[in-house]
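Notes to accompany the following structure.
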Amino acid sequence: MTVRALAGAGRGELESLAGRLTDFFRLLTLRPLALYSAAAIRIGVGGLFALYLIRELPYADLLWGPHSPWTPQLADEWLQLYGWPDWVEFLYSPLITTDVRLFYALYGAAVVIALLYMVGWHTRVTGALHTLCVMAFFTRSWQLTDGGDMAIMLITFYAAFTASGRRWSLDARRARRRAETHGPADYRLLPGTGEQAEELRRRAVTFVHNAALGVMAAQMMMIYCAAALVKVMGPKWQDGTALYYILHISWLQPFPALSEWLAGPGHLVPLAVMAYVTVFSQLFFPLAVFNRTVKYCWLVVMCGTHLGIIVTMGVFQFSVIMLIGDLVFLPDSFWRRAAYYTRVLFAARGERPAPPPSGSGPPLPVPAPADGAAGEKLASY
Amino acid sequence: MTVPPPVTDRPTAPVPADPAERLAPGGTSLRPRYRRALTAGAVAVVSLALYHCAMVFLAIAPPSTVKNHAYRQVDWWIYPWFEQGWKMFAPEPVATNRAVEVRVYGADGASRWENLTAMDDARIRGDVMTSRQHANVVRRAWDGLSGLDLRKGPRNAHERIKFRYTRNVMTGRMEQLGYHDFDRLQVRVRMQKVPPFDDMNAVQPVRTVVLPWWKVRT
């Protein structure tokens with residue numbers, strides 16, 4: 001009798017759990033999460049890569065071009081060793097050319113595509129092209145690459161699957177203008193498709209967007225956690241002297257006087273504290289992001305360490321791409337609130353901007369009564 | 001029995017209609033056929049995402065029984081798009097300064113040693129966005145030789161390409177410095193450990209690794 005009662009009680013819990021799970025997935029098909037963050041990531045990824053290529057322009061030919069020590073022939077032989085199918089090789093080898101003019105044409109095209117992606121011009125197309133460009137540079141001269149390039153490649157790839165053009169983009173501006181002049185148009189990507197197919201497409205896009213953000217978040221967590229776990233094993237990270245040694249490495253000194261001062265006598269305690277902060281903030285990052293309050297504290301610490309690495313060690317690409325990746329943890333409500341505070345800060349005296357809507361996003365669409373099935377519940381999604 | 005509440009929104013301030021929302025799901029109820037298609041698609045996407053995360057996890061994880069079992073599968077999935085490697089300054093931070101020096105042998109005999117690392121480091125100073133040309137090329141070319149037999153030379157195709165690359169890097173640099181018409185080239189690396197933190201002013205010995213002369217095709 002008691003077992004049956006237990007089973008009966010448990011069934012309710014299980015069904016409620018299953019119901020909540022279904023609701024969660026239904027929500028993921030209806031509401032694109034973190035649209036502002038996706039846009040910020042797009043701007044960051046495109047901008048960083050354009051900046052990178054423009055900065056390397058004086059050395060482009062020596063790094064990826066026909067005159068690179070990793071000659072087109074070496075790059076080609078290296079690719080052959082993998083034994084990939086032809087179409088895969090083709091994907092990785094656009095920059096393997098002995099024609100200097102063609103190389104610079106491709107280089108320029110890559111910069112233009114990165115900038116177009118940044119400003120959100122036909123975001124889906126430029127996003128896919130930009131991802132291929134990043135890949136082409138990555139595989140052309142793999143021995144130049146470091147952690148920064150790897151992270152750029154990963155974040156760029158995941159970002160291409162997000163709906164990053166919905167905010168802060170030329171696409172969004174064009175849509176707004178069109179709506180202002182023509183009214184809310186019945187926007188269909190594929191003309192002639194039925195309303196049902198169109199709705200299905202929109203929900204599929206929304207779900208893929210959310211999944212891509214989820215994978216990006218998981219990737220960030222794994223990067224931080226892996227980096228910390230390996231550090232934990234090292235005696236110099238354990239006794240807190242790791243930063244002292246790193247600051248003495250010549251190729252990590254953009255400002256040697258600063259490095260010398262930081263690693264100088266009397267600074268061993270702050271250096272040890274910094275080392276422990278680095279290790280523990282990375283190690284517990286995957287847990288910290290699940291709590292709203294803790295998350296923001298954590299992100300501030302991560303921001304600080306990344307900026308510190310840029311200034312003291314000159315590790316630019318890696319730090320910036322990790323800062324961009326961290327944006328994936330900021331919900332839309334964060335950006336709305338930030339915009340509100342900015343408006344308050346710059347508002348005229350006596351003026352009070354309207355507070356942002358509370359809650360986690362715009363209201364869910366109300367189901368239109370389908371043909372014949374009036375009063376259908378949302379549960380039928 | 002508890003019935004799960006339907007998804008409803010908390011009361012919010014009215015949100016002005018955003019034209020950019022035109023691509024958001026409009027709330028049309030899907031007919032069963034489309035709903036099934038959506039469910040199947042969602043299951044596929046979630047499976048793919050989970051599989052990808054598992055592969056990334058295994059790629060990052062140290063060797064284990066699971067990883068040994070799925071080694072080929074992980075490699076196939078990860079390279080080159082999703083390469084992972086986050087052992088920055090870990091487990092041991094870099095604690096040795098390496099200076100790559102090169103000299104060439106031409107008609108005038110052997111040249112003096114040129115310290116390429118010192119030249120690169122000079123270009124890095126004062127620049128937080130350093131060029132790959134100065135931050136990575138020579139350093140990574142030397143790192144690429146680690147694990148290779150520097151006396152006997154390459155043992156397989158991969159190593160042969162690495163040796164050729166390193167030789168090209170050094171040749172190119174020497175040509176930039178104005179050396180031409182040389183048929184041999186020699187690399188040496190001077191390594192000096194950072195003094196330990198409890199004896200900061202200690203002078204560390206310099207260890208030098210001298211490689212054999214390499215023939216250069218000109």
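The values are calculated or read from the model by the stated rules, or taken from the named source; none is laboratory data. As the structure is a prediction and not an experimental result, all values here were calculated from the model. Quick reminder, even Gly has a Cβ in these numbers, built from the backbone with ideal geometry, and neighbours come from all protein chains shown. Remember, those area values only see protein heavy atoms, side chains included, never the ligands or the DNA or RNA. Shrake-Rupley method; radii C 1.70, N 1.55, O 1.52, S 1.80 Å.
The apolar share of the surface of the protein assembly as shown, taken as the fraction of accessible area on carbon and sulfur atoms (1.4 Å probe, ligands and nucleic acids excluded), comes to 64 percent. The accessible-area ordering, largest first, of the residues A:326, A:76, B:108 stands as B:108, A:76, A:326, per a 1.4 angstrom probe.
For residue A:311, the shell of other residues with beta-carbons less than 15 Å away shows a net charge of -1, using +1 for Lys and Arg and -1 for Asp and Glu. Taken residue by residue and averaged, Cβ atoms of other chains lying within 10 Å of the Cβ of A:214-222 number 4. Under the criterion of Cα pairs below 8 Å and six or more residues apart, the relative contact order for chain A equals 21 percent. Computed from phi, the 3J(HN,Hα) profile of the stretch A:90-102 under the Karplus parametrisation 6.51, -1.76, 1.60 (θ = phi - 60°) reads 4, 5, 8, 10, x, 8, 7, 9, 9, 8, 4, 5, 4 Hz, with x in place of Gly and Pro.
Using only alpha carbon pairs under 8 Å that are at least six residues apart, calculate the relative contact order of chain B and give it in whole percent. Spell out each step's value before the answer.
Values: 188 pairs, mean separation 38.3, N = 218.
Relative contact order of chain B: 18 percent.
Note on residue A:261 and residue B:79: their simple-model spin labels are 4.6 nm apart, each label 7 Å out from Cα toward Cβ. Within the stretch B:92-215, the proportion of Cα pairs with more than 25 Å between them is 31 percent.
Residue farthest toward the positive end of the dipole of chain A, with Cβ of Lys/Arg at +1 and Asp/Glu at -1: which of A:59, A:269, A:79? Comparing the listed Cα positions along the dipole, A:269 ranks first. Binning the C-alpha pair distances of the stretch A:32-96 at 10 Å intervals from 0 yields a P(r) profile of 19, 29, 29, 19, 4 %, listed from the shortest bin outward. 3J(HN,Hα) along the stretch B:36-46: 5, 4, 4, 4, 4, x, 4, 4, 5, 5, 5 Hz, from the Karplus curve 6.51 cos²θ - 1.76 cosθ + 1.60 with θ = phi - 60°, whole Hz, x for Gly and Pro. Computed over protein heavy atoms with a 1.4 angstrom probe, the accessible surface ordering of B:67, B:215, largest first, is B:215, B:67. Summarising the amide proton neighbourhood of residue A:71: residues at separation of 5 or more, or on other chains, whose placed amide H is nearer than 5 Å comprise an empty set. Its Cα gyration tensor gives chain B an equivalent ellipsoid, and the semi-axes of that ellipsoid, as √(5λ) in whole Å with the largest first, are 56, 23, 21. Taking amide H as placed 1.01 Å from N in the peptide plane, residue B:96 has its amide H under 5 Å from the amide H of B:194, each at least 5 places away in sequence or on another chain. Each of B:50, A:92, B:104 was placed along the dipole of the protein assembly as shown (beta-carbon charges, centred on the mean Cα), and the one lying farthest toward the positive end is B:50. Anyone know which of B:154, B:32, B:63 comes out most mobile in the 10 Å Cα GNM of chain B? Its mean-square fluctuation being the largest, the pick is B:32. For the stretch A:233-322, averaging the sequence separation of C-alpha pairs within contact (under 8 Å, six or more residues apart) and dividing by the residue count gives a relative contact order of 32 percent.
What is the local net charge at residue A:93, summed over the other residues whose Cβ is closer than 13 Å to its Cβ (Lys, Arg +1; Asp, Glu -1)?
Working: positive: A:140; negative: A:76, A:77, A:86, A:89.
So the environment of residue A:93 carries a net charge of -3.
Residues of the stretch B:72-100 that bury at least 40 Å² of accessible area when the other protein chains are present, relative to the chain alone (probe 1.4 Å, heavy atoms, ligands and nucleic acids excluded): B:80, B:81, B:82, B:83, B:86, B:88, B:89, B:91, B:92, B:93, B:94, B:97.
Remark: mean inter-chain Cβ contacts per residue of A:170-178 equal 3, using a 10 Å Cβ-Cβ cutoff to other protein chain atoms.
If one takes the longest principal axis of the Cα atoms in chain A, at what angle in degrees, from 0 to 90 and to the nearest 10, does the Cα axis of helix A:147-159 lie? It is inclined by approximately 20 degrees. Around the Cα centre of the protein assembly as shown, unit charges on the Cβ atoms of Lys, Arg, Asp and Glu (plus for the first two, minus for the last two) sum to a dipole of about 720 debye. Of the cross-linked pairs A:231/B:152; B:87/B:152; A:295/B:87; B:67/B:87, which ones have a Cα-Cα span greater than 26 Å in the structure shown? Flagged as over cut-off: A:231/B:152; B:87/B:152. Could you run the Karplus curve 6.51 cos²θ - 1.76 cosθ + 1.60 with θ = phi - 60° over the stretch A:288-303 and give me ³J(HN,Hα) per residue in whole Hz, x for Gly and Pro? With the stated coefficients, the stretch A:288-303 comes to 5, 6, 8, 10, 4, 5, 4, 4, 5, 4, 4, 5, 4, 5, 4, 4 Hz. Counted by Cβ distance under 12 Å from residue A:162, the other residues give a net charge of +4, where Lys and Arg count +1 and Asp and Glu count -1. For a quick check, take a GNM of chain A with Cα springs below 10 Å and name the residue from A:49, A:346, A:161 with the largest mean-square fluctuation. Checking each option, the largest mean-square fluctuation is seen for A:346. Mean partner shielding of peptide A:228-240, defined as the number of other chain Cβ atoms within 10 Å of each residue Cβ, is 4.
Rounded if a/c is under 1.5, else prolate if a/b beats b/c, else oblate: with a ≥ b ≥ c from the C-alpha gyration tensor eigenvalues square-rooted, which is the stretch A:95-175? Oblate, since a/c reaches 1.5 and b/c is not below a/b. Inter-part distance, the stretch A:214-246 to the stretch A:4-35, computed on C-alpha centroids, equals 36 Å. Within the full protein context, the accessible area of residue B:71 is estimated at about 130 Å² for a probe radius of 1.4 Å.
Of the listed residues B:56, B:46, the order by accessible area with a 1.4 Å probe, largest first, is B:46, B:56. Heavy-atom accessible area for residue A:297, with the other protein chains in place and a 1.4 Å probe, reaches approximately 80 Å².
Please state the equivalent ellipsoid semi-axes for the protein assembly as shown: what are the square roots of 5 times the Cα gyration tensor eigenvalues, largest first, in whole Å?
On the way: eigenvalues 500, 161, 125 Å².
For the protein assembly as shown, the ellipsoid semi-axes come out as 50, 28, 25 Å.
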